[in-house]
Amino acid sequence: MKPKVILDPHFRRLNLVFSEEEQERMHSLAEIVWGHDEPMPADELAKHREDAVAIISGSWRHGDVVDFPNLRVIMEIGGTFPSPDSLDYDTCFARGIRVLSCAPAFGPAVAEMGLAMALASARRLVESDRNLRTGDANWSHTEFGDPFLLFDKPVGFIGFGGLARALKPLLAPFRCPIAAYDPWLTDAYLATQGVTPTDVDTLLSTSRVIFALALPTASNRAFLSREKLELIRPDAVFVLLSRAHVVDFDALTDLVLRGRFRAAIDVFPKEPLPSDHPIRQAPLAILSPHRAGGHPEAIFNIGRFVVRDLEAILRGLPPHDMQVAEPEFIRMRG
């Protein structure tokens, strides 16, 4: 008899996450129950709770894990780990239930977008396009304004998780020296990754391009305060890719509107971004509607990661593609 796996992808759409090939592989590995775009009804969940060995879920809404006596893994496909308010991690860790996040599936796509946004801001591509369309283009080869090349410029990473590790190789052709600040990693580890560990104030004040890549935690809300943001040099580009949670967004908006530095922003405190938000009027900002990871190839990566790790776990092997919830990380989230 095949092991039973609950597939409850809502808010994701099944066919956008799992290709036909991956769905066939899942069905070859396990008895898949539910598997619809709508949330799994409570009465349907109750039929399979005792036998399920895995739950693939867009968000955790399945009650207490103690009610799943045979559960071995929770595989989230939303993009982040379930909140500790919704999932009893202590029980999961005590029983050896793995909790996995699909976040690494987005790494390459977000990293590529981050590089594109940094280049566009450094070379003033959006402004050049806008000015050319309105008849104000600068055709002169003697008056350049203040664009800069990325080659050999100091770059700073705030956070050195999976996203940073996906971005770093993309910067290699530009020969950028990279400094990194991550209080959850040792300096010795950062040095082995080919980056220079540093404090956040030094990083902000010396980097020409700053990538904000840190995951949100209970302790880093608005960590990049006005005081910190004012350390950014006037000729720098600040690229916000992870979550707006880590930045004092009002201060960021004010400083960019005042022309203190340039910014490229993919994430916002409230999404969709209100139509009257002042950041929309900032000529020195490039804005993206949280689309860095929102790409069909990235979403299909989720399905590939899930199926590969599901197969490994059902065979008694450790997962390799998805991110594993560690007790220290979950406590950090608060």
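The values are calculated or read from the model by the stated rules, or taken from the named source; none is laboratory data. Being a predicted model, the structure only gives us computed values, none of them experimental. A quick note on method: Cβ atoms are made from the backbone with ideal geometry, for glycine too, and the neighbour counts reach across all protein chains shown.
Quick check on region 306-320. Is at least one of its residues in the same structural domain as residue 29 (by TED's automatic domain parsing), assigned to a loop (DSSP other than H, G, I, E, B), touching an Asp or Glu at 6+ places or on another chain (Cβ under 8 Å) and not charged (D, E, K, R)? Checked region 306-320: at least one residue is in the same structural domain as residue 29 (by TED's automatic domain parsing), assigned to a loop (DSSP other than H, G, I, E, B), touching an Asp or Glu at 6+ places or on another chain (Cβ under 8 Å) and not charged (D, E, K, R). Name the single residue, out of those in region 13-36 being part of a loop (DSSP other than H, G, I, E, B) and either of a type in the set (Gly, Ala, Ser) or in contact (Cβ under 8 Å) with a residue 40 or more places away in the chain (or both), that is surrounded by the fewest Cβ atoms within 10 Å (Cβ to Cβ). Among them, the one singled out is 19. Taken together, 69, 82, 39 contain a single residue that is part of a loop (DSSP other than H, G, I, E, B) and buried (at least 21 other Cβ atoms within 10 Å of the Cβ), which is 82. Number of residues in region 85-102 that are touching a strand residue (DSSP E or B) at 6+ places or on another chain (Cβ under 6 Å) and either hydrophobic (A, V, I, L, M, F, W, C) or in a helix (DSSP H, G or I) (or both) equals 3.
So for region 103-126 (the condition being assigned to a helix (DSSP H, G or I), touching a strand residue (DSSP E or B) at 6+ places or on another chain (Cβ under 8 Å) and closer than 30 Å to residue 55 by Cβ), does at least one residue qualify?
First, pick out the residues of region 103-126 that are assigned to a helix (DSSP H, G or I): 103-122, 125-126.
Of the ones still in play, those that are also touching a strand residue (DSSP E or B) at 6+ places or on another chain (Cβ under 8 Å) are 103-104, 114, 117-118, 120-122, 126.
Filter once more, keeping what is closer than 30 Å to residue 55 by Cβ: 103-104.
The answer is yes, given that some residue of region 103-126 is assigned to a helix (DSSP H, G or I), touching a strand residue (DSSP E or B) at 6+ places or on another chain (Cβ under 8 Å) and closer than 30 Å to residue 55 by Cβ.
In the set (1) within 23 Å of residue 286 (Cα to Cα); (2) touching a residue at least 24 places away in the same chain (Cβ under 8 Å); (3) not basic (Lys, Arg), the condition left unmet by residue 185 is number (1). Condition test on residue 280, is it assigned by TED's automatic domain parsing to the domain that holds residue 201, farther than 18 Å from residue 213 by Cα and assigned to a loop (DSSP other than H, G, I, E, B)? In short, no.
Listed here are the residues, each with its yes/no results for (1) under 29 Å from residue 329 (Cα atoms); (2) modelled with pLDDT of 95 or more.
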{"residue": "30", "(1), (2)": "no, yes"}
{"residue": "38", "(1), (2)": "no, yes"}
{"residue": "58", "(1), (2)": "yes, yes"}
{"residue": "67", "(1), (2)": "yes, yes"}
{"residue": "70", "(1), (2)": "yes, yes"}
{"residue": "80", "(1), (2)": "yes, no"}
{"residue": "84", "(1), (2)": "yes, no"}
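Restricting attention to region 213-256, and to residues there that are closer than 20 Å to residue 149 by Cα and in a strand (DSSP E or B), which single residue is nearest to the chain's Cα centre (by Cα)? The extreme case among them is 240.
The residues of region 302-327 that are under 22 Å from residue 88 (Cβ atoms), out of contact with any strand residue (DSSP E or B) (no Cβ under 7 Å at 6 or more places or on another chain) and either in contact (Cβ under 8 Å) with a residue 12 or more places away in the chain or basic (Lys, Arg) (or both) amount to a single one, 327.
Every residue in region 19-39 that is under 20 Å from residue 299 (Cα atoms), among the small types (Gly, Ala, Ser) and out of contact with any Pro (no Cβ under 9 Å at 6 or more places or on another chain), please. Of everything in region 19-39, just one residue is under 20 Å from residue 299 (Cα atoms), among the small types (Gly, Ala, Ser) and out of contact with any Pro (no Cβ under 9 Å at 6 or more places or on another chain), namely 19.
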